[in-house]
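The values are calculated or read from the model by the stated rules, or taken from the named source; none is laboratory data. The structure displayed is predicted, hence computed values, not measured ones. A quick note on method: Cβ atoms are made from the backbone with ideal geometry, for glycine too, and the neighbour counts reach across all protein chains shown.
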Amino acid sequence: MKKEDKIVIAGFGGSLRKGSFSRKVLERSASLMPDGSVLKIADISKVPVFNSDDAREPQPPVVEFKKLISETDGFLIVTPEYNYSIPGFLKNVIDWASVPNNVFAKKTGAIMSSSTGMMGGARAQYHLRQSFVFLDARIINRPEVIINFVDKKINEKGEFADENAEKFMRDLLNNLVSESRAQRSLSA
């Protein structure tokens with residue numbers, strides 16, 4: 001396989017907290033990517049608070065993030081749940097990436113969520129899905145990866161004690177890469 005044939009997926013989200021479970025899920029996803037694909041994890045910690053006055057001349061972290069999304073075949077978001085929704089900083093980078101040009105339009109994406117609670121971030125995931133309907137992204141719907149009680153399922157090294165979680169993660173990543181490859185073929 002030639003290097004240019006490799007499917008490249010941008011990964012972002014998680015939590016800004018060191019050692020966050022969502023970050024560990026994102027990092028584990030990188031190791032579960034199917035053959036012929038790679039996950040590039042974006043650092044969104046330096047993206048400033050969205051201000052539409054600055055949208056025409058955004059700061060370098062915004063430019064870098066938008067460039068990564070634009071240049072990759074698809075994207076993966078892993079989110080925790082804060083107050084029944086997505087973290088504010090995650091919504092912030094999505095807002096930046098959508099103005100003045102929406103880099104998510106027609107882009108294939110997937111969402112995973114994780115939480116120490118019973119719902120596993122399901123409500124946050126559904127809020128993200130609503131945003132991406134408006135942004136005209138092509139979100140892979142199955143399987144849903146909602147990891148509840150993540151603190152009991154993943155250790156400090158990012159290794160899962162839950163084979164089902166990894167199976168669902170692997171299946172979603174396979175579907176994301178497969179659909180991203182199909183979209184690339186359509187665009188060629």
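Kindly indicate the residue of the range 78-102 that is hydrophobic (A, V, I, L, M, F, W, C) and either in a helix (DSSP H, G or I) or more than 14 Å from the chain's Cα centre (by Cα) (or both) and also nearest to ALA165 (Cα to Cα) among those meeting that condition.
The residue in question is LEU90.
Since VAL78 meets every condition but one in (1) surrounded by fewer than 20 Cβ atoms within 10 Å (Cβ to Cβ); (2) of a type outside the set (Lys, Arg); (3) touching a residue at least 60 places away in the same chain (Cβ under 8 Å), which condition does it not meet?
Of everything listed in (1) surrounded by fewer than 20 Cβ atoms within 10 Å (Cβ to Cβ); (2) of a type outside the set (Lys, Arg); (3) touching a residue at least 60 places away in the same chain (Cβ under 8 Å), VAL78 misses just condition (1).
Does the range 167-188 include one or more residues that are farther than 26 Å from ASP73 by Cβ, at pLDDT 85 or above, loosely packed, with under 11 Cβ neighbours inside 10 Å and not basic (Lys, Arg)?
Among the residues of the range 167-188, not one is farther than 26 Å from ASP73 by Cβ, at pLDDT 85 or above, loosely packed, with under 11 Cβ neighbours inside 10 Å and not basic (Lys, Arg), which makes the answer no.
Can you find a residue in the range 19-29 that is part of a strand (DSSP E or B), in contact with a Ser or Thr (Cβ under 7 Å, 6 or more places away or on another chain), buried (at least 22 other Cβ atoms within 10 Å of the Cβ) and touching a residue at least 24 places away in the same chain (Cβ under 8 Å)?
Checking the range 19-29: not a single residue is part of a strand (DSSP E or B), in contact with a Ser or Thr (Cβ under 7 Å, 6 or more places away or on another chain), buried (at least 22 other Cβ atoms within 10 Å of the Cβ) and touching a residue at least 24 places away in the same chain (Cβ under 8 Å).
Tell me, please, whether a residue that is modelled with pLDDT of 95 or more and in contact with a helix residue (DSSP H, G or I) (Cβ under 8 Å, 6 or more places away or on another chain) can be found in the range 21-29.
Yes, some residue in the range 21-29 is modelled with pLDDT of 95 or more and in contact with a helix residue (DSSP H, G or I) (Cβ under 8 Å, 6 or more places away or on another chain).
Pairs only if they're at least six apart or on different chains, beta carbon under 7 angstrom, first in the range 136-154 and part of a loop (DSSP other than H, G, I, E, B), second of a type in the set (Val, Ile, Thr) and surrounded by fewer than 17 Cβ atoms within 10 Å (Cβ to Cβ); list them, first residue then second.
Every condition considered, the pairs that remain are PHE149/THR116.
Say whether the condition of being under 20 Å from LEU128 (Cα atoms) and touching a strand residue (DSSP E or B) at 6+ places or on another chain (Cβ under 6 Å) is met by at least one residue in the range 55-67.
no
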